[in-house]
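Encoded as structure tokens, the structure appears first; notes follow it.
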Amino acid sequence: MADYVLEVKNVDKVYGQGDTEVYALRNLSFSVKRGEFMLIVGSSGSGKSTLLNMIGLLDRPTRGKVIIDGIDTSELNDNELSTFRNSKLGFIFQFSNLLSDLTVLENVTLPRKIQGTIQNSADEAKTLLKTVGLENQMHKFGNQISGGQAQRVAITRALIAKPAIVLADEPTGNLDSVSAETTVQLLKSLNRKLYQTFIIVTHDRHQFGEVDKVVTIKDGRILKEEMEANLV
Amino acid sequence: MDYRAQIGIRFITRRRGSLIAASLAVAIAILVVQVNSVIFQGLYDAIVRDQINYRFGHVYITRQEDFITKSDFMLVNWLERIPYVQAAAPRIDSAASINATIGGKIIRDYSVPVIGVDPVLDREASTMYQTVAPGGQYVSYRDSVVVGAIVDRDLGYPQVGDTIKLKFKDQFGQDILRRLTIVGITATAGSVGLDNSVIMNIDTLREILDRPHQTQSILVKLSDPTKDTDVKDLFLAAFPSNADKFKAQTIEESAEQTLSGFRSGIALINLVGYFGMMSSAFAVVTIQMMQVTSKTRDIGVMRAIGAKRKDVLLVFIFQGMVIGAIGAGLGTVMGVTYTAYAKETHMTFQGSLPLEVKYNWTSIMQTDIMAFVLAVIASIYPAYKATRLEPVEAMRVG
Ligand SMILES: Nc1ncnc2c1ncn2[C@@H]1O[C@H](COP(=O)(O)OP(=O)(O)OP(=O)(O)O)[C@@H](O)[C@H]1O
Ligand SMILES: [Mg+2]
């Protein structure tokens with residue numbers, strides 16, 4: 001029904017109170033279409049992670065709305081937000097994403113277990129792990145694989161519940177250049193194949209080459225919003 | 001398996017240090033309760049056992065404020081027809097005085113309790129005869145006496161074959177002197193028997209006291225001790241007349257004076273056990289809090305990918321259940337091992353009184369369940385703390 005899979009409307013995020021008040025985001029608005037591959041860029045401290053937390057429903061905006069799939073998330077309670085995150089969103093974090101006490105396979109199927117749709121989840125997880133070249137690491141524990149491998153596992157976990165939006169905060173920030181390149185190519189190919197929306201925070205937009213949209217943040221505001229046509 | 005159970009179990013079992021510390025705390029609390037139970041319940045039961053064997057039998061029959069005048073032969077026969085009754089024996093408690101030499105000083109009128117027993121029936125209803133030191137025998141012929149070890153010491157260690165002179169008062173207040181021959185010396189562990197008394201033939205005592213055919217008490221030994229109230233009730237129903245004025249007591253009632261003090265002592269000791277349990281619960285709280293802190297990121301990740309607060313709560317409750325179960329298992333093994341050790345080595349209290357060691361499975365189960373439940377309860381606060389963590393924790397750097 002919605003043209004946009006994501007609408008961010010007049011979002012403020014204020015940390016602290018009184019003298020220590022910090023506006024991490026200030027009156028920020030933009031929209032994202034289904035299937036778009038979008039980057040959020042900006043200098044350190046500009047508010048990228050804060051914005052991603054708002055979109056990912058990990059934290060609530062001080063003011064304004066985040067609308068996902070036509071649903072105003074500001075009206076959801078804590079449990080509904082959990083369910084929403086589980087079914088609509090997939091997360092890839094910068095640092096150790098995996099539960100070290102679960103195996104790779106268990107980590108990947110966890111969103112489905114939470115969802116209560118365990119049927120076929122192991123098979124689907126195996127197929128996805130094959131796609132990212134980790135079919136031989138499935139039974140290792142989360143802390144027994146390399147950072148690059150963990151990042152690829154996190155990608156498959158983000159996809160297993162077929163979310164509308166996949167969010168990643170500097171997914172390559174922790175990786176060497178070869179692993180980073182592999183990860184970028186993987187994300188882009190998955191975006192083309194699955195037609196899911198990808199929103200990625202990065203320091204290095206050039207690493208990603210051609211994308212649908214780039215939003216540049218500065219001091220919590222949108223400095224620039226570039227569409228595919230204008231991108232080089 | 002439920003994913004919350006799986007994660008809870010993994011969290012704790014893959015942190016061996018925390019698991020060992022927490023379950024040991026639980027196990028040691030159980031062990032403390034078990035050791036207390038072996039020693040103090042064992043002591044209590046030992047005292048009950050000795051009171052039954054030496055003094056009261058399982059059921060103790062007396063007559064209110066007076067001697068029993070009904071034929072003891074008839075009463076014993078009547079009692080022995082009850083299927084649960086193994087034996088019954090009449091006794092008379094009296095007192096006498098002796099001229100004794102204590103610490104080189106001659107003490108006139110050293111007063112001792114005197115127990116009159118039936119030489120044949122008493123061997124059936126009481127194990128008193130087994131306490132006679134080697135070289136002696138139990139009361140047999142009319143003028144024989146068995147002297148308690150304490151009395152023997154106070155009299156300057158007379159031997160078997162020696163005679164002692166006892167001064168009685170009959171029921172009319174007349175002094176009666178009797179010379180009796182020592183046939184044995186009785187000594188019991190912990191002096192819980194008749195070590196401070198003199199035991200003699202009941203018929204001789206009846207004659208001295210001028211109470212022919214009278215009896216003061218009847219000890220009833222049961223083949224099935226659980227039937228004591230039944231036997232008591234049967235007896236009182238059969239001899240209800242006001243003239244008889246019989247009194248029948250179970251061991252709990254007859255030994256009440258001796259036992260009540262012990263009971264409150266045991267209650268106090270149990271309190272120590274419960275304090276142990278409480279401190280183990282605090283140990284579980286501390287270790288669980290550490291677990292929650294070290295798993296902050298994992299909890300954030302779980303929340304980010306859709307776990308609800310309730311799910312996080314369950315993870316740590318399951319963790320508490322693992323601690324409780326392993327702790328209870330370990331504690332039971334340790335406690336039962338100790339009990340077995342106490343039983344095998346015939347553990348004694350203060351080196352003399354042999355403890356009555358039993359495997360009390362009901363109490364072991366109760367302790368286990370309590371320890372388990374406490375471990376789970378102790379996990380509630382840390383688990384609740386975990387649920388207060390926000391999903392943004394997953395994004396935290398490092
Ligand atoms: N929990 C917080 N409490 C107070 N201030 C915060 C908090 N989180 C972020 N900030 C502040 O908000 C601003 C934006 O932070 P944010 O983490 O979003 O930046 P960023 O663009 O992700 O930076 P980087 O590229 O270094 O990751 C910064 O000024 C930061 O100090
Ligand atoms: Mg950031």
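Residues that are facing chain B (nearest Cβ under 8 Å), in a helix (DSSP H, G or I) and touching a Pro at 6+ places or on another chain (Cβ under 8 Å) within the range A:87-112 comprise just one, A:S87. All conditions but one from (1) over 26 Å from B:S294 (Cβ atoms); (2) more than 16 Å from ligand 1 (Cβ to nearest atom); (3) open to solvent by less than 10 Å² (accessible area, probe 1.4 Å) apply to A:L99; the one that does not is (1). Counting the residues of the range B:240-295 that are without any contact (Cβ under 8 Å) to a residue 12 or more places away in the chain, closer than 30 Å to B:I61 by Cβ and among the aliphatic types (A, V, I, L, M) gives 1.
Looking at B:A96, B:A133, B:A88 in this structure, which one is open to solvent by 10 Å² or more (accessible area, probe 1.4 Å) and aliphatic (A, V, I, L, M)? Break it down stepwise before answering.
Details: B:A96 fails: open to solvent by 10 Å² or more (accessible area, probe 1.4 Å); B:A88 fails: open to solvent by 10 Å² or more (accessible area, probe 1.4 Å).
Testing whether each residue is open to solvent by 10 Å² or more (accessible area, probe 1.4 Å) and aliphatic (A, V, I, L, M) leaves just B:A133.
Once the range A:174-190 is narrowed to residues that are surrounded by 13 or more Cβ atoms within 10 Å (Cβ to Cβ) and polar (S, T, N, Q), the residue that is modelled with the lowest pLDDT is A:N174.
Residues of the range B:124-169 that are among the aromatic types (F, W, Y) and in contact (Cβ under 8 Å) with a residue 24 or more places away in the chain: B:Y138, B:Y141, B:F168. When the residues of the range A:27-71 are filtered to those that are within 16 Å of ligand 1 (Cβ to nearest atom) and among the β-branched types (V, I, T), the one that is farthest from the other protein chains (Cβ to nearest Cβ) is A:V41. Quick check on the range A:6-22. Is at least one of its residues within 14 Å of chain B (Cβ to nearest Cβ) and either more than 17 Å from A:A168 (Cα to Cα) or away from ligand 2 (no atom under 16 Å from the Cβ) (or both)? Yes, there is a match, as at least one residue in the range A:6-22 is within 14 Å of chain B (Cβ to nearest Cβ) and either more than 17 Å from A:A168 (Cα to Cα) or away from ligand 2 (no atom under 16 Å from the Cβ) (or both).
Among helices (runs of 4 or more DSSP H) entirely within the range B:165-268, having at least 2 residues that are in contact with a strand residue (DSSP E or B) (Cβ under 7 Å, 6 or more places away or on another chain) singles out B:202-209, B:228-238.
Annotation note: of B:V183, B:V192, the sole residue that is among the β-branched types (V, I, T) and either open to solvent by less than 20 Å² (accessible area, probe 1.4 Å) or at pLDDT 90 or above (or both) is B:V183. Considering only residues that are in a loop (DSSP other than H, G, I, E, B), more than 13 Å from ligand 2 (Cβ to nearest atom), open to solvent by less than 30 Å² (accessible area, probe 1.4 Å) and without any contact (Cβ under 8 Å) to a residue 60 or more places away in the chain, which ones fall in the range A:35-75? The answer is A:L57, and nothing else.
Going by the conditions given, is B:I82 within 33 Å of the chain's Cα centre (by Cα), outside any helix (DSSP H, G or I), closer than 30 Å to B:T204 by Cα and of a type in the set (V, I, T)? Give the derivation first.
On the way: within 33 Å of the chain's Cα centre (by Cα): yes; outside any helix (DSSP H, G or I): yes; closer than 30 Å to B:T204 by Cα: yes; of a type in the set (V, I, T): yes.
Yes, satisfied.
In the set (1) within 16 Å of ligand 2 (Cβ to nearest atom); (2) closer than 23 Å to A:N191 by Cβ, the condition left unmet by A:V32 is number (1).
B:Q51 meets all of the listed conditions (1) over 27 Å from the mean Cα position of the chain (by Cα); (2) in a helix (DSSP H, G or I) but one, namely (1). Can you spot a residue in the range B:46-53 that is open to solvent by less than 20 Å² (accessible area, probe 1.4 Å), touching a strand residue (DSSP E or B) at 6+ places or on another chain (Cβ under 6 Å) and free of Cβ contacts under 8 Å to residues at least 60 places away in the same chain? The answer is no, given that none of the residues of the range B:46-53 is open to solvent by less than 20 Å² (accessible area, probe 1.4 Å), touching a strand residue (DSSP E or B) at 6+ places or on another chain (Cβ under 6 Å) and free of Cβ contacts under 8 Å to residues at least 60 places away in the same chain.
The values are calculated or read from the model by the stated rules, or taken from the named source; none is laboratory data. From a predicted model like this one, the values you see are computed outputs, not experimental measurements. No Cβ is skipped: glycine too gets one built from the backbone with ideal geometry, and neighbour counts run over all protein chains shown. Each accessible area value is taken on the protein alone, full model and side chains, heavy atoms only, with ligands, DNA and RNA left out. Shrake-Rupley method; radii C 1.70, N 1.55, O 1.52, S 1.80 Å.
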